[in-house]
1. In the set Val149, Val163, Val159, which member is among the hydrophobic types (A, V, I, L, M, F, W, C) and in a strand (DSSP E or B)?
2. So which of Ala115, Ala124, Ala132, Ala107 is at pLDDT below 95, outside the structural domain of Val220 (by TED's automatic domain parsing), of a type in the set (A, V, I, L, M) and farther than 19 Å from Ser243 by Cα?
3. Is one or more of the residues making up region 334-357 assigned to a loop (DSSP other than H, G, I, E, B), touching a helix residue (DSSP H, G or I) at 6+ places or on another chain (Cβ under 8 Å) and in contact (Cβ under 8 Å) with a residue 40 or more places away in the chain?
4. Would you say Ile249 is among the hydrophobic types (A, V, I, L, M, F, W, C), touching a residue at least 12 places away in the same chain (Cβ under 8 Å) and more than 23 Å from Ile348 (Cα to Cα)?
5. Which condition does Gly267 not pass, out of (1) farther than 30 Å from Ile127 by Cα; (2) in a loop (DSSP other than H, G, I, E, B), if it passes all the others?
6. For region 302-329: of the residues being polar (S, T, N, Q) and outside any strand (DSSP E or B), which is surrounded by the most Cβ atoms within 10 Å (Cβ to Cβ)?
7. Failed condition for Ile249, given (1) touching a helix residue (DSSP H, G or I) at 6+ places or on another chain (Cβ under 7 Å); (2) among the β-branched types (Val, Ile, Thr); (3) under 23 Å from Ser129 (Cα atoms), with all others met?
Amino acid sequence: MKAVSAILAAVLIVAAPVLTPRAEAHGMVYADLVDRVSPAVVNIFTTQAAPEAIASNLPDLPEGHPLKEFFERYSGRRGDNEPERSVGSGFIFDPAGYVITNHHVVANADTIKVALNNDREFDARVIGSDKATDIALLKIESGFALPYVIFGDSRNVRVGEEVVAVGNAFGLGGTVTRGIVSAKGRDIRVGGPYVDYIQTDAAINRGNSGGPLFNMNGEVIGMNTAIYSPTGGSVGIGFAVPSDIVSRIIGDLRDDGLVSRGWIGIGIQPVTDAIATAINMPEAKGTIVSTVSLDGPSAGILREGDVILSFNGQPLEKGRDLPRFVARTPPGSSVPVEIMRDRIQQTIYLTVGTLKR
């Protein structure tokens, strides 16, 4: 028994030093990352004048009624002619004072305030905003160089890798949560065909909108935008716009406040297994041209029934790929398009037009 006890004691003595420092070191990685990036994460506060008929859909309850405050609070308004207020998050990506956030955070706002993590506040103006991708670019004038963060490459993000979200959850100020990338390429029926979202289980709540999602190098790989929740709070399913989309849209907005998108003037439908078999394709991939606009860039070049396999060198893996690839192509570009026509594979060239706003 003494020998067994001695062996157990030795195991315990050896095991404890191995596990504890590893856990402590892991925790320090998060702390160091947050120390480095949090000065560039901002809180955003907006006000919007209340409409004239603010209470038209609310019960006519007297002052002091126990349910009056309930109805006003959950209708989003408090009292006659009182401005609506909202909160969100954002991040500085340029020391000159350029701030990125969600379009829906600042849409229709009369005033926008940006607060740093040291509580200093600045008035902000909107340089440009893109509703389709829910991205907005703001500018603040601080008079000094501001802390900023850099973009990582969201194309290299892997499902399962660790991420950290920082933002103004529920208006409480800088709040940090961590998790993993749960999925990539999510279609949540927001952002039209232009965004395939990163899904994460890092807690994203109201007020986190517009805040950054960091990889473990402290690089922004996404902008937190939406949650899936039956309760209104985090249930472990949040969505972020990938950084490669954010950086591209911000570049356009910074140039002239507008986003230019490519357009080729066709209607499309997916290739089903039955269609693939009928036209002698080994697998169901690409997209079928269903209509061609007579005044569009594809008129006289593409035909109804053509199967588009790749656009500008990018294979079409999903039905949403083509609209996204086209939208990202600079108008005026001449690009190769690989198609299947009459069971023969060939390459044609299209000059991309401009999508009308």
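The values are calculated or read from the model by the stated rules, or taken from the named source; none is laboratory data. None of these values were measured; they are calculated from a predicted model. When we count neighbours, we look across all protein chains shown, and the Cβ atoms used for this are built from the backbone with ideal geometry, even at glycine.
1. Val163
2. Going through Ala115, Ala124, Ala132, Ala107 in turn, just one is at pLDDT below 95, outside the structural domain of Val220 (by TED's automatic domain parsing), of a type in the set (A, V, I, L, M) and farther than 19 Å from Ser243 by Cα: Ala107.
3. Within region 334-357, one or more residues are assigned to a loop (DSSP other than H, G, I, E, B), touching a helix residue (DSSP H, G or I) at 6+ places or on another chain (Cβ under 8 Å) and in contact (Cβ under 8 Å) with a residue 40 or more places away in the chain.
4. Numbers: among the hydrophobic types (A, V, I, L, M, F, W, C): yes; touching a residue at least 12 places away in the same chain (Cβ under 8 Å): yes; more than 23 Å from Ile348 (Cα to Cα): yes.
Yes: the conditions hold for Ile249.
5. (2)
6. That would be Thr329.
7. All conditions pass for Ile249, except number (1).
A quick yes/no check of all residues on (1) surrounded by fewer than 24 Cβ atoms within 10 Å (Cβ to Cβ); (2) touching a helix residue (DSSP H, G or I) at 6+ places or on another chain (Cβ under 7 Å):
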{"position": "Gly210", "(1), (2)": "no, yes"}
{"position": "Ala226", "(1), (2)": "yes, no"}
{"position": "Ser229", "(1), (2)": "yes, no"}
{"position": "Asp244", "(1), (2)": "yes, yes"}
{"position": "Ile264", "(1), (2)": "no, yes"}
{"position": "Val292", "(1), (2)": "yes, no"}
{"position": "Asp295", "(1), (2)": "yes, no"}
